[in-house]
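Written out below as structure tokens is the structure these notes cover.
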Amino acid sequence: MNIKVGMLFYVLSLFIAFFSRKVFLDCLGAEFIGLTGMLMNIMSFLSVAELGIGTSIVYFLYKPLQEDNHEKINEVMSMLAYLYRCIGGIIGICGLIVSLFFPWWFGHLTTGLPLVYFAFYSFLATSMVGYLFNYRQLLVGAHQRQYVVNAYFQSIAIIQSIVQIILAYYYRNLYLWVIVGLVFTIIGCIVFNYRIRKEYPWLRISLKEGRVNLRKYPEVLRKTRQIFVQRIKNFILYRSDEILVGTFVSVVQVAVYGNYTIIVNKLNFLVNILSDGMNAGIGNLVAEGNDQNTMKVFWELTAIRFLIVGIIVFGLLLFIQPFISCWFGIQYRLNDWIVYLLVFNIFIMLSRGVVEMYISAYGLFSDVWAAWTELFVNLTVTICLAPFFGIVGILLGKIISVFFIAMFWKPYFLFSKGLFQSVSVYWRGMLPYYLIFAVFTCVTLVVRYLLIEPEVNTLLLLTGYGLITYVPLILLYFLTLFFLTKGMKYFVARKPALYHKLKKINL
């Protein structure tokens, strides 16, 4: 149910995102869209103050929810409410301090500082409302009912986007666009909490008891410290693009780069929907202690992951540049080298997914030095290269900092500390996947430069050429994985009829 609802709203939000992006750029201007992107990234940075407390506390909800222990649940939720009230206050104070520097950062914008402050304080109020009142959604998620949370908040978000599109098209008022976002956040909070009171009438929150309960759960702070480093690292690596582009390039380029990242983020969200449904299963598999089956599923998931990565990466290489030109206009198109680096960064991030899921299932979080190393290398490379190479330097900072840790250390860490096997087993199994992927990447680039780029200049042509090139390419990629890797054979064998039909194919 979680995956079904997640996929439904993914498709809806994907359509709305592309349509609204075009309207907002045309009606509100690239400078305003770039400004809101930077302000939202600043808010994301302030949200690091959450420290991973939600993740830590949710861990303590699983057992009492299973036992239907209302008293214990009330204790944990009271503690969560108290901590989130403190976090909301800290974020509010930090936001006010950060806003003091806006005249230096945004004083040159034609939109004017009043709009900057109005937008930022609206975003700040939205964030604080979430911490002060919406913490109950963590209880619903821990109860394996994330689909309820998605149904409410995604529905509100879609309605909000539609209203903003209409108002932007007819009135082109920047203040009105911001106000709509704040109003719908408050509406969503009221509606969702009303549903919570209906679903959990026994839920009683006491801030006073929550403060006292912190002494009963010392592991919360210990787990929080471990997760905090990962949160800081992940933010700088994956959620600070707009801030870095705005700082080292320009606010207008934030909007241009944002056209690409919105596509990438939607694709990443799709992968997360699929992989999130597997995490609990992997945890159960590891707990069974069947080493042979654990390794079989590892290679099966690796094959699935590389199939998904191929579908995403080959699609981006073929179509993202023509799509940007046809949809937004040639003036919003970035250099090809920026796109290649962006896609390579996506490949690293997605291909590491199976190793990361197994590391989490085994509870291997002791390599805190790896997160600090990624963070240090990223900042160093970005500061050195971004002033000279702009977006290219920012992307190189991401790639260089992550590449060696993700590709070499994490597999070694998993196989030596979790699976207790030689890392050579990993590399012997992975070599076919990397070779196949490299070959098809080259084929994809040839197809793009010989067929797509010379012929496509409208969305209709892009769709037509996509059907006659992309579909056969992915089908051939799937067949190659099937015939040359054990993992894909394991996966297809779950459907015996399909497996036997494919085995009869003589390539």
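The values are calculated or read from the model by the stated rules, or taken from the named source; none is laboratory data. Treat the numbers as computed from the prediction; the structure is a model and nothing was measured. Backbone-built Cβ (ideal geometry, glycine too); neighbour counts: all protein chains shown. Calculation scope for accessible area: heavy atoms of the full protein, side chains included, ligands and nucleic acids excluded. Shrake-Rupley method; radii C 1.70, N 1.55, O 1.52, S 1.80 Å.
Kindly indicate whether any position in the stretch 211-221 is aliphatic (A, V, I, L, M) and at pLDDT 75 or above.
Narrowing the stretch 211-221 to residues aliphatic (A, V, I, L, M): 212, 214, 220-221.
The next check asks that each one be at pLDDT 75 or above; those that pass are 212, 214.
Yes, that holds for at least one residue.
Is there a residue being under 14 Å from the mean Cα position of the chain (by Cα) and at pLDDT below 80 anywhere in the stretch 275-289? Write out each step before concluding.
Step one: list which residues in the stretch 275-289 are under 14 Å from the mean Cα position of the chain (by Cα), which gives 275-276.
Subsequent filtering for residues that are at pLDDT below 80 retains 275-276.
Checked against the condition, which is being under 14 Å from the mean Cα position of the chain (by Cα) and at pLDDT below 80, the stretch 275-289 yields at least one hit.
Can you spot a residue in the stretch 370-383 that is touching a helix residue (DSSP H, G or I) at 6+ places or on another chain (Cβ under 7 Å), part of a helix (DSSP H, G or I), among the acidic types (Asp, Glu) and open to solvent by less than 60 Å² (accessible area, probe 1.4 Å)?
Checking the stretch 370-383: at least one residue is touching a helix residue (DSSP H, G or I) at 6+ places or on another chain (Cβ under 7 Å), part of a helix (DSSP H, G or I), among the acidic types (Asp, Glu) and open to solvent by less than 60 Å² (accessible area, probe 1.4 Å).
What tally of residues in the stretch 384-410 results from selecting those that are surrounded by fewer than 16 Cβ atoms within 10 Å (Cβ to Cβ) and not in a helix (DSSP H, G or I)?
Count: 0.
Out of the residues in the stretch 194-220 that are in a loop (DSSP other than H, G, I, E, B) and of a type in the set (Phe, Trp, Tyr), which is farthest from the chain's Cα centre (by Cα)? Before the answer, list the steps.
Taking the stretch 194-220 first, the residues in a loop (DSSP other than H, G, I, E, B) are 200-206, 217-218.
Still in the list and also of a type in the set (Phe, Trp, Tyr): 200, 202, 217.
Details: 200: 30, 202: 34, 217: 30 Å.
Selected residue: 202.
Looking only at the stretch 1-24, how many residues end up being modelled with pLDDT under 80 and open to solvent by less than 20 Å² (accessible area, probe 1.4 Å)?
Of the residues in the stretch 1-24, 3 are modelled with pLDDT under 80 and open to solvent by less than 20 Å² (accessible area, probe 1.4 Å).
Mind listing whichever residues of the stretch 183-201 are under 17 Å from residue 138 (Cβ atoms) and open to solvent by less than 60 Å² (accessible area, probe 1.4 Å)?
Pass one, the stretch 183-201, residues under 17 Å from residue 138 (Cβ atoms): 188-189, 192-193, 195-197, 199-200.
Scanning the stretch 183-201 gives 188, 189, 192, 193, 196, 200.
Assess whether residue 206 counts as being modelled with pLDDT of 80 or more, of a type in the set (S, T, N, Q), open to solvent by less than 40 Å² (accessible area, probe 1.4 Å) and on the phi < 0 side of the Ramachandran plot. Steps first, answer last, please.
Details: modelled with pLDDT of 80 or more: yes; of a type in the set (S, T, N, Q): yes; open to solvent by less than 40 Å² (accessible area, probe 1.4 Å): yes; on the phi < 0 side of the Ramachandran plot: yes.
So residue 206 fits the description; yes.
Those residues that are among the polar types (S, T, N, Q), in contact (Cβ under 8 Å) with a residue 60 or more places away in the chain and open to solvent by 20 Å² or more (accessible area, probe 1.4 Å), I need them from the stretch 62-108; list them, please.
74 - this is the single residue of the stretch 62-108 that is among the polar types (S, T, N, Q), in contact (Cβ under 8 Å) with a residue 60 or more places away in the chain and open to solvent by 20 Å² or more (accessible area, probe 1.4 Å).
Among 395, 301, 342, 318, which is the only one that is farther than 22 Å from residue 260 by Cα, in contact with a helix residue (DSSP H, G or I) (Cβ under 8 Å, 6 or more places away or on another chain) and touching a residue at least 24 places away in the same chain (Cβ under 8 Å)?
Numbers: 395 fails: farther than 22 Å from residue 260 by Cα; 342 fails: farther than 22 Å from residue 260 by Cα; 318 fails: farther than 22 Å from residue 260 by Cα.
Answer to the check: 301.
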